[in-house]
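Note sheet for the following structure.
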Amino acid sequence: MEMTLRWYGSKFDTVTLEQIRQIPGVHGVITTLYDTQPGEVWSRERIRALKDEVEAAGLSIAGIESVNVHEEIKLGKPSRDELIDNYIETLKNLGEEDIHLVCYNFMPVFDWTRTELARKRPDGSTVLAYTQKAVDDLVPEEMFGSISGDMNGTVMPGWEPERMAHVKELFDEYKGVTSEDLFENLKYFLERIMPVCNEYDINMAIHPDDPAWSVFGLPRIIINKENILRMVKMVDDPHNGVTFCSGSYGTNPDNDLPDMIRSLKGRIHFAHVRNLKFNSRDDFEEAAHLSSDGSFDMYEIVKALYDIGFDGPIRPDHGRMIWGEKAMPGYGLYDRALGAAYINGLWEAIEKADK
Ligand code: DNO
């Protein structure tokens, strides 16, 4: 595996490349052109400028998270063909610049959903949290208003103001769209992009829906073992793979994370590793990466990745906000650096025990 950190670009991130460079064992970043809109072609010039900036800091680009998929592709609208052509153009440009991993998601309207961005834990840290009741009591358009005050002045992925401005219309568009429709539309998209992924050796890594169930009545499909195996088999190409995100699949305690990892051998192209603490089935908060701080056995998760021979980029995922840091919730420096060190430690121990 290759340890990485997510970085949103110098215009958007509070964390600098110079800081990332000093985290032991981190040589690559997972990044994006955060100011591009879904459907837009990423030019080679902009990709190269990003690459130059990262490389000048002594790091490399290990992959892109995300090239977002336009809603009309997810909805299967007639306009999708042109939008997929643009996506293909972006993939080509990334391939030409020697970038071979793209994380994306197929969640309708929202990306991930949390009901709190700064829940205080007993140690004084603040974390992202989710309570089903809060979702059940809210109209979706109000969700943004209820959490935006805690964003520390940052723009959070999936909660971009441009997207939020159209939430109501988007919901109307999804009326009558079923999970089966979404599977079909995903298949169509993948079948069209696979030739270019093969040509440029680009691994596509779908991110799970978070939380791993339907919210606000919207269909959601990348939620469990059955569906993810269906997804990799329906377009059975090694470049059609998965981002294994423990914190997203783990929102549903019925998901056996190590078992899911083992069943996806060869198709996990990217891993997000983080821990959650469940207070009840309907209420969880994000914890430190360490097993004893949350509900997951992180050793078993990392061991499963090791056992299947996972050799792609991995990153600590959302961190707690600690030591007075002000950053994008989940994406501060300190706790993610602790997470990277911890995952590196688990990996080294597992690897040495295996020799
Ligand atoms: C949340 C992230 C997601 C992820 C996208 C991938 O913090 O893990 O926003 O990047 O779903 O497209």
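The values are calculated or read from the model by the stated rules, or taken from the named source; none is laboratory data. In this text, all values refer to a predicted model and were calculated from it rather than measured experimentally. Please note: Cβ atoms are built from the backbone with ideal geometry, for glycine as well, and neighbour counts cover all protein chains shown.
Before moving on, here are some points about what is shown:
- Entry remark, region 299-326: residues being over 18 Å from the mean Cα position of the chain (by Cα) and hydrophobic (A, V, I, L, M, F, W, C) number 5 in total.
- Of all the criteria given as (1) modelled with pLDDT of 95 or more; (2) surrounded by 15 or more Cβ atoms within 10 Å (Cβ to Cβ), the one not satisfied by residue 58 is (2).
- Matching option when the condition is closer than 30 Å to residue 136 by Cα, touching a residue at least 12 places away in the same chain (Cβ under 8 Å) and of a type in the set (A, V, I, L, M), among 298, 321: 321
- Pairs with Cβ under 6 Å, 6+ apart, first in region 328-340 and closer than 16 Å to residue 116 by Cβ, second outside any loop (DSSP other than H, G, I, E, B) and within 13 Å of the ligand (Cβ to nearest atom): 329/117; 329/128; 330/128
- Matching residues in region 61-84 - criterion: being of a type in the set (Gly, Ala, Ser) and crowded, with 19+ Cβ neighbours inside 10 Å: 62, 63, 66
- For region 109-123, the set of residues classified as part of a loop (DSSP other than H, G, I, E, B), in contact with an Asp or Glu (Cβ under 8 Å, 6 or more places away or on another chain), away from the ligand (no atom under 12 Å from the Cβ) and at pLDDT below 95 consists of 109 only.
- Residues that are in a loop (DSSP other than H, G, I, E, B), touching a His at 6+ places or on another chain (Cβ under 9 Å) and within 16 Å of the ligand (Cβ to nearest atom), drawn from region 68-107: 106, 107
- Yes/no for residue 345 being surrounded by fewer than 20 Cβ atoms within 10 Å (Cβ to Cβ), closer than 15 Å to residue 3 by Cα and not hydrophobic (A, V, I, L, M, F, W, C): yes
- Test: residue 236 is surrounded by fewer than 18 Cβ atoms within 10 Å (Cβ to Cβ), at negative phi and acidic (Asp, Glu): yes
- Put simply, of 204, 231 the only residue that is under 20 Å from residue 37 (Cα atoms) and buried (at least 21 other Cβ atoms within 10 Å of the Cβ) is 204.
- Of the strands (runs of 3 or more DSSP E) that lie entirely inside region 181-281, those containing 2 or more residues that are under 20 Å from residue 127 (Cβ atoms) and away from the ligand (no atom under 16 Å from the Cβ) span 276-280.
- Counting only residues that are over 19 Å from the mean Cα position of the chain (by Cα), touching a residue at least 60 places away in the same chain (Cβ under 8 Å) and under 16 Å from residue 73 (Cα atoms), region 190-217 holds 2 of them.
- Members of region 126-147 found to be within 16 Å of the ligand (Cβ to nearest atom) and either of a type in the set (A, V, I, L, M) or assigned to a helix (DSSP H, G or I) (or both), listed by number: 127, 128, 129, 143, 144, 147
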